[in-house]
1. Residue by residue, what Karplus-based ³J(HN,Hα) values in Hz, rounded to whole numbers, does segment 67-80 have, using 6.51, -1.76 and 1.60 with θ = phi - 60° and x for Gly and Pro?
2. Sorted by mean Cβ packing within 10 Å, highest first, what order do the peptides 48-54, 92-98, 143-149 take?
3. Full-extension gain between Q55 and D6, please, as 0.36 nm times their residue separation minus the C-alpha to C-alpha distance.
4. How far apart, in nm, are the 7 Å Cα→Cβ label points at K32 and N155?
5. Which length gain, in nm to one decimal place, applies between K135 and E16 when the Cα-Cα distance is subtracted from 0.36 nm times their residue separation?
6. Work out how much length E66 to T188 would gain on full extension: take 0.36 nm times their residue separation and subtract the Cα-Cα distance, in nm to one decimal.
7. Among the aspartates and glutamates, which have Cα under 14 Å from the Cα of K136 when same-chain residues fewer than 8 positions away are ignored?
8. Run the quick spin-label model on L118 and D144: label points 7 Å from Cα toward the beta carbon, then report their separation in nm to one decimal.
Amino acid sequence: MFSDMDSFVFYIQLKEFLLKGEIPDNSANPRKVTWASMNFIIKDDRLLYVGPSRQYMRLVVLSEEEKRSALTECHNNPGTANHNGVRGTQNRVIAGYYWHTIIQDVKEWVRSCPRCQLNDRIKIMPVLHSIKVKKKPWEVFGLDLIGPLPETARNNKCVLTMTDLYTKWVIAEPMQSKTAAEVLQSCTCLAWLGKSLQTKGEFVCR
Ligand SMILES: [Zn+2]
């Protein structure tokens, strides 16, 4: 398996071979360069991967900087990407670019994206512990995220329900998405109960 650096060197040599018809003297594997060159072309001085079918063209990334710019374009840029998830970002990158570790790099890029971390969808975890005995209202309450549902005129398509496990009283809050930020905002409606969500209330995610 190539390291990133080996991979960049290999494709730079392949590009030189296609441009000049000669394999550079320092090539570690000249036969591999010749063999691989069948799947690549040069267009406007850029190395493009066309594959055996030659039905598509993907720009070969030749440096870390180019890789970062491809990932930014396909994940971060408003308009062209808008912070899609791993699969969406992968599809965009694969459609336009070529390098060896795309899948792994996209996963890491999306996972470490600050904005995606902030807006990460809340994972609904199964209850792994028994629910404590409830002695008074709003001592323990359950949270449920329902949706996506058909979108309303106000762009809401999810509902956060908060159920007091003592009285079974339910509060429902409409939400536009299941992002952590929005759930937190919806939870503030519990403030009137006089309880601090962080210090006294206990969440039970179902
Ligand atoms: Zn992101």
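1. 5, 4, 5, 5, 5, 4, 4, 8, 10, 8, 5, x, x, 8
2. So the order, starting with the most tightly packed, is 92-98, 143-149, 48-54.
3. The span from Q55 to D6 would gain 14.9 nm if fully extended.
4. 5.0
5. Answer, rounded to one decimal: 35.2 nm.
6. Gain in length upon complete extension: 39.5 nm.
7. Cα-Cα hits under 14 Å: D164, E202.
8. If labels sit at L118 and D144, their model points lie 3.2 nm apart.
Any read-out appearing in this document is the output of simple, stated calculations on the displayed coordinates, not a laboratory observation. The shown structure was predicted, so the numbers you read here are calculated from the model rather than taken from an experiment. Here Cβ is always computed from backbone atoms with ideal geometry, including for glycine, and neighbour counts include all displayed protein chains.
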